[in-house]
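> Starting off with a structure, shown below.
The values are calculated or read from the model by the stated rules, or taken from the named source; none is laboratory data. None of these values were measured; they are calculated from a predicted model. Glycine also receives a Cβ, built like all others from the backbone with ideal geometry; neighbour counts cover every protein chain displayed. Surface areas here come from the heavy atoms of the whole protein model, side chains and all, with no ligands, DNA or RNA. Shrake-Rupley method; radii C 1.70, N 1.55, O 1.52, S 1.80 Å.
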Amino acid sequence: MDSFTAITLAVFLPFILAGILPVVEKVLKNRIGWYAAAVALLSLILVAQVAPTVIHGENIQGSIPWIPSVGIDLSFYGDGLSIMFGLIVSGIGVIIMAYSNGYMSKREDLPRYYQQLLFFMGSMLGMVFSANLIQLFIFWELTSITSFMLIGYWRNRPMSVYGATKSLLVTATGGLFMLAGFLLLNAMTGTFDIPTILHSESMIEFIKDHELFIFALILILIGAASKSAQGPFYIWLPNAMEAPTPVSAFLHSATMVKAGIYLVARIHPMFSGTDAWFILVSGVGIITMLVAGFLAFRQTDIKGILAYSTISQLAYLMTMYGYTTHIHPGIGVAAATFHLLNHATFKASLFLVAGIVAHETATRDITKMGGLRKEMPITFILATIGALAMAGIPPLNGFLSKELFYEASWEMGAELGGAFTFVIPALAVLGGVFTFAYSIKLIDGIFLGKRPSRGLPEHIHDPGWTMILPTAFLALLIILFGLVPSIPAHYIIEPATEAILLEPVDLHVSLWHGLTPSLAMTIVTFILGLLIYTRYDSIAAWQNRFNSKHPMISVNYFYDAAVNNAKSTTFGFSSRMQPGTIKTYVTALLLLMIVLFIIPIIVLTPDIIPSTLNFDIQAYEGIVYLFMIVAALGAALLPRYLPAIVSLSGLGYLVGLLFIYLQAPDLALTQVLVETLTTIIFLLAIVKIPQKFREHITPSVMTRDLLIASAVALTVFIMMINATQGIVPPFESLSHYFIEKSIPLAGGHNMVNVVLVDFRAYDTLGEIAVLCLAALGVYNLIHSRGEEE
Amino acid sequence: MNNTLLSLTIAILFGIGTFLILRRDIVKVIIGLSIISHAVNMLIVSSGVFAGTKPPIITDDGGHGASETTGTIFTDVLSENILAPITTAGHSVNYVDPLVQALVLTAIVISLATTAFILILAYRIYEEYGTTDIKELRRLWG
């Protein structure tokens, strides 16, 4: 199997195998999660199998024609960056699906849950391996949609629905901005193919000098920021915590929220090295990092703390990708990429711990917890590893990437000079201090201190191995990456960094590299972090007071106002447009019809009433016409249903008679048969509807309706008598074709039949489909009645 | 069929159907729809018929016989400059237009389906709400 096939399979197998999941569920029942984990493992193996090729510096590329006319193919591209994301997505996927076996209750709708998780995984893999901007956009929006469904997994909880809607509105709207940015990129380069742009220096030069550059950059960054919860778009992520915890661990910490980071890394060669890049990416990054880190203090929900922490940590990554304009790009990008990998491990493990704690204590409120270390020793150890890694304590992996971040910030400050020499490192340290404080809070609040006397279940214990093992595996990775950083650095980070920078990178990461400024910054972080931690609760209390005093200083305030107003506005609009009475709709429709018919007649014909009217008819025709009018009047005026329907049926047979006269034997036959059937159905239905209601038509209503009816009749009449009066059609009738080809092509003498079953057989197929649907509809209407009784 | 009286008949049926559609009783509305669909079918079919034409069934003399080309179906004189999109134009045949008949045949069958469906719908509405008055239903739905 070549590498391209392997990647294609890794992307599409989750979709296909998720499709048959309901069938597998019949066999496996509650153990369906292991099937899902096996599917994720399959993708992981497929991605891992191509990794060596990429590590040796050979990128994977291939495509299958999709929409060749506009240059869009189904094409995949695997470089170091894609492979790293591919490994994270499928690897964490395996862990999450395995963990879910313990977390999700047997009573839950497991097939839906796992199906959506697998759909998400496939979409995410498709996105990171996309070689085509349009394809990337499609997979990008697919991840938004699956995220929406998973956040709203508990459909009957209002907060779930709120969170799901919010995430979809923010991320999908951001995605549309991104699409606009891609189109601008296409306008500049003439291609949607990512590798083509990446590997053409002249194209990249051209982009950077182009007047559309700044617009494309801003649009794409809006997409990235909305997905990665940066800047004002962060608001959706805290509400996304309504999802089941494994989903939060998977989508909203380890993978999907990193899609924006992926995008920034992906477009790095095209847009970086400019001032706009630095200001937008690093500027938004630093602000988000500080604000989100600070806001984490007032969260009492464990997952809420983790959500704000995720926002803040993602902002680290953004900041570092933005640095490359001014400092030697290697450090910032490598630091960001390394931290990205580390964050996936420790944040996912912390979410899994949060899941365990919530699962065992039935609450996620940190203020109600404490002293659980004795009852849940294993969970305590795992949580400590994760939290300390997040805080940046050696020898865990978070320490290493945090050091690199400090180093990059220090150099950045030195590069910019002036006040920035200290401001930028100080801001970086401040971000680290917040991180340190809430990391400690997680351990202290849940596991240390005294067990509260009320609010917790009596017996709390470590969960089963299905939840412990996946978490432990992540903890193991945290320690491993920390102690032997050369393994991830060499096999994952270097290829990924090379893919971002498009030049060879030699990365050396070690626990100890002398007395450097970054070490000093780390030590300052720890000291300040401990100091701030002693004031943790009063800071949180101050935040709460501030928030209740100034409710308008909040992005959510504006989001809620906008969404609620949109709801009431559209509701008002639609209730005015659709008052619900058939009469209004019909009147509007008929009046529009009159206008649309009368205008061309007035414009096109010399006289509205043509001079050559033909009143020349046979006596029997006149009788048929007369009877038709009488029958229609009878159907309209007879007060009781039954006589009216008999009269209507008479009209139908007269129409059949008229068809014979109009040289349409087939129609006459059909009309008679159908009329018979219609009459039977009418009678069957009508005997069941007693005639209780009899409309009293007031004179004013009568006048109005008669006016409308006469206007319609007059319009139809004028249209018909003008139809053959010299209004020349702009094209020739295609009926010739049927007359000429009926025998040679279809071998039929009856042209109507030939048209129906041969030349326009698809129409007939559609007609049969309508009949089937109507039959199904009738059946269901009758059937639904049986259920209620 | 450029016959004014037929046009008038169809127009009157349209008017009656329209009046019925504007009623408050669902059953009356359905009857109105039926009448309108009859009228539309006749309108379309009559537009394909011209004086002196034959039913659209090809007989052995093919309709191409010179003695029978008393009338042409199509006003093809316009084809002096515009070429027919599909076939060569300008040769006279005396069949009525088969295409409109095929379309109307489909329409007749489909109107059977829709009539059956809305009838059952009306029946179910009556069962659920005990009335066929649209205004009353509107009030009940809130």
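> Which order do the peptides A:540-552, A:641-653, A:440-452 come out in when sorted by mean C-beta neighbours inside 10 angstrom, highest first?
Numbers: A:540-552: 11.5, A:641-653: 19.7, A:440-452: 17.5.
Per-residue mean Cβ counts within 10 Å order the peptides as A:641-653, A:440-452, A:540-552.
> Right, something else. Can you tell me the length gained on complete extension of the stretch A:Leu519 to A:Ile602, counting 0.36 nm per residue apart and subtracting the Cα distance? Mind showing how you got there, number by number?
Working: separation 83, 0.36 × 83 = 29.88 nm, distance 8.76 nm.
Length difference between fully extended and current span is 21.1 nm.
> In degrees, nearest 10, range 0 to 90: what is the angle between the Cα axis of helix A:213-227 and the longest Cα principal axis of chain A?
Orientation of helix A:213-227: about 80 degrees from the principal axis.
> What order do A:Arg704, A:Arg785, B:Arg124 take when sorted by accessible area (1.4 Å probe), most exposed first? Show your work: numbers first, answer last.
Working: A:Arg704 115, A:Arg785 70, B:Arg124 20 Å².
Order by accessible area, largest first: A:Arg704, A:Arg785, B:Arg124.
> So what's the net charge close to A:Met241: Lys and Arg +1, Asp and Glu -1, counting the other residues with Cβ under 11 Å from its Cβ?
Numbers: positive: A:Lys303, A:Arg364; negative: A:Glu242, A:Asp301.
Net charge around A:Met241: 0.
> Residue by residue through the stretch B:33-39, which ³J(HN,Hα) values in whole Hz follow from phi under the Karplus form 6.51 cos²θ - 1.76 cosθ + 1.60 (θ = phi - 60°), with glycine and proline marked x?
4, 4, 4, 5, 5, 4, 4
> Same structure again: Per residue of B:132-140, what is the mean number of Cβ atoms on other protein chains within 10 angstrom of that residue's Cβ?
Taking all residues of B:132-140 together, the mean is 3.
> Quick check: convex hull over the Cα atoms of the stretch A:583-728, volume per residue in Å³, rounded to an integer?
Numbers: hull volume 23.1 nm³, N = 146.
In the stretch A:583-728, the Cα convex hull volume per residue is 158 Å³.
> Amide H to amide H under 5 Å from A:Tyr77: which residues, 5+ apart in sequence or cross-chain, H placed 1.01 Å off N in plane?
Result for A:Tyr77 returns A:Ser130, A:Ala131.
> Here is a further query. On a C-alpha basis, how far is the centre of the stretch A:430-483 from the centre of the stretch A:516-574 in Å? Whole number, if you could?
24
> How high is the relative contact order of chain A, in percent, counting Cα pairs under 8 Å that sit 6 or more residues apart?
Details: 1079 pairs, mean separation 76.3, N = 789.
That works out to 10 percent.
> Another question, if that's okay. Would you list A:Tyr113, A:Tyr762 from the most to the least accessible area, probe 1.4 Å? It would help to have the intermediate numbers written out before the result.
On the way: A:Tyr113 0, A:Tyr762 190 Å².
The ordering from most to least exposed comes out as A:Tyr762, A:Tyr113.
> Next question. Using alpha-carbon positions, what is the distance between the centroids of the stretch B:104-142 and the stretch A:144-176, in Å?
So the two Cα centres are separated by 37 Å.
> Sticking with this one: Considering Cα pairs under 8 angstrom that are at least six residues apart, work out the relative contact order of the stretch A:583-728 and quote it in whole percent. Provide the component values of the computation, followed by the final result.
Working: 88 pairs, mean separation 49.4, N = 146.
Reported as a whole number, the value is 34 percent.
> Let me ask another. Using only the Cα atoms of the stretch A:133-554, what are the Rg and Dmax in Å?
Spelled out, the Cα radius of gyration and Dmax of the stretch A:133-554 are 21.0, 69 Å.
> Using only the alpha-carbon atoms, how far is helix A:517-534 inclined from the longest principal axis of chain A? Give it as 0 to 90 degrees, nearest 10.
Roughly 80 degrees between the two axes.
> Amide H neighbours of B:Lys54 under 5 Å, at least 5 residues apart or on other chains, H built in the peptide plane: list them.
Placed amide hydrogens put B:Tyr95, B:Val96 under 5 Å from B:Lys54.
> If you take the accessible area of A alone plus B alone and subtract the pair, what total do you get in square angstrom, rounded to 100, with a 1.4 Å probe? All intermediate terms of the calculation are to be shown ahead of the outcome.
Details: alone 38140 and 10130 Å², together 39160 Å².
It comes to approximately 9100 Å² buried between A and B.
> Summarise the partner chain shielding of A:525-531 as one whole number: the mean count of Cβ atoms from other chains within 10 Å of each residue's Cβ. Can you show the working numbers first?
On the way: counts 0, 0, 0, 0, 0, 0, 0.
Averaged over the peptide's residues, the number is 0.
> Report the net charge of residues surrounding A:Ser538, where surrounding means a beta-carbon distance below 12 angstrom and charges are Lys +1, Arg +1, Asp -1, Glu -1. Numbers along the way, then the final one.
Numbers: positive: A:Arg298, A:Arg535, A:Arg545; negative: A:Asp537.
That sum, taken over residues with Cβ under 12 Å, equals +2.
> Here is a further query. Using +1 on the beta carbon of Lys and Arg, -1 on that of Asp and Glu, and nothing else charged, what's the dipole of chain A about the Cα centre, debye to 20?
That gives a dipole near 3200 debye.
> Indicate, rounded to the nearest 5 percent, the antiparallel portion of the DSSP beta bridges found entirely in the protein assembly as shown. Don't skip to the end; give the middle numbers.
Numbers: 12 of 13 bridges.
That works out to approximately 90 percent antiparallel.
> How many Cβ atoms of partner chains, on average, are near each residue of A:698-704 if near means within 10 Å of its Cβ?
Values: counts 0, 0, 0, 3, 1, 0, 1.
Mean shielding by partner chains, rounded to a whole number: 1.
> Now for a different question. Which three lengths, in whole Å and largest first, does the stretch A:369-441 cover when its Cα atoms are put on their principal axes?
Rounded to whole Å, the extents work out to 54, 22, 9 Å.
> If packing is taken as the mean number of other Cβ atoms within 10 Å per residue, what is the order of A:138-144, A:602-608, highest first?
Numbers: A:138-144: 21.9, A:602-608: 10.6.
Output ranking for A:138-144, A:602-608: A:138-144, A:602-608.
> Convert each backbone phi in the stretch A:462-467 into a coupling constant with the Karplus relation 6.51 cos²θ - 1.76 cosθ + 1.60 (shift: θ = phi - 60°), then list the ³J(HN,Hα) values in order as whole Hz, x for Gly and Pro.
After applying 6.51 cos²θ - 1.76 cosθ + 1.60, I find 5, x, x, 5, 5, 9 Hz.
> Could you tell me which of rounded, prolate or oblate describes the stretch A:736-789, using a ≥ b ≥ c as the square roots of the eigenvalues of the alpha-carbon gyration tensor, with rounded for a/c under 1.5 and, failing that, prolate when a/b is larger than b/c and oblate otherwise? All intermediate terms of the calculation are to be shown ahead of the outcome.
Working: a/c = 6.57, a/b = 5.50, b/c = 1.20.
Taking the square roots of the gyration eigenvalues as a ≥ b ≥ c, the stretch A:736-789 is prolate.
> Quick check for me: using +1 on Lys/Arg Cβ and -1 on Asp/Glu Cβ, what's the dipole size of the stretch A:736-789 about its Cα centre, in debye to the nearest 20?
Numbers: 3 positive and 7 negative charges, 60 e Å.
The dipole magnitude comes to about 280 debye.
> Right, another one. In whole Hz and in residue order, list the ³J(HN,Hα) couplings for the stretch A:617-624 that follow from phi through the Karplus curve 6.51 cos²θ - 1.76 cosθ + 1.60, θ = phi - 60°; x for Gly and Pro.
9, 7, 4, 5, 4, x, 5, 4
> In degrees between 0 and 90, to the nearest 10, how far off the longest principal axis of chain A does helix A:133-151 point, with axes built from Cα atoms?
Between the helix axis and the principal axis of chain A, the angle is about 90 degrees.
> Starting from the eigenvalues of the Cα gyration tensor, five times each then square-rooted, give me the equivalent ellipsoid semi-axes of the protein assembly as shown, largest first, whole Å.
Numbers: eigenvalues 1018, 229, 134 Å².
Listed largest to smallest, the semi-axes of the protein assembly as shown are 71, 34, 26 Å.
> Once each part is reduced to its C-alpha centroid, what is the distance from the stretch A:661-699 to the stretch A:605-642 in angstrom?
Computed from Cα coordinates, the inter-centre distance equals 19 Å.
> Can you tell me the order of A:316-322, A:290-296 when each peptide is scored by its average per-residue count of other Cβ atoms within 10 angstrom, highest first?
With the highest mean Cβ count within 10 Å placed first, the list reads A:316-322, A:290-296.
> Continuing with the same structure: Starting from the amide H of A:Gln691, placed 1.01 Å from N in the peptide plane, find each other amide H under 5 Å away whose residue is 5 or more places distant or on another chain.
none
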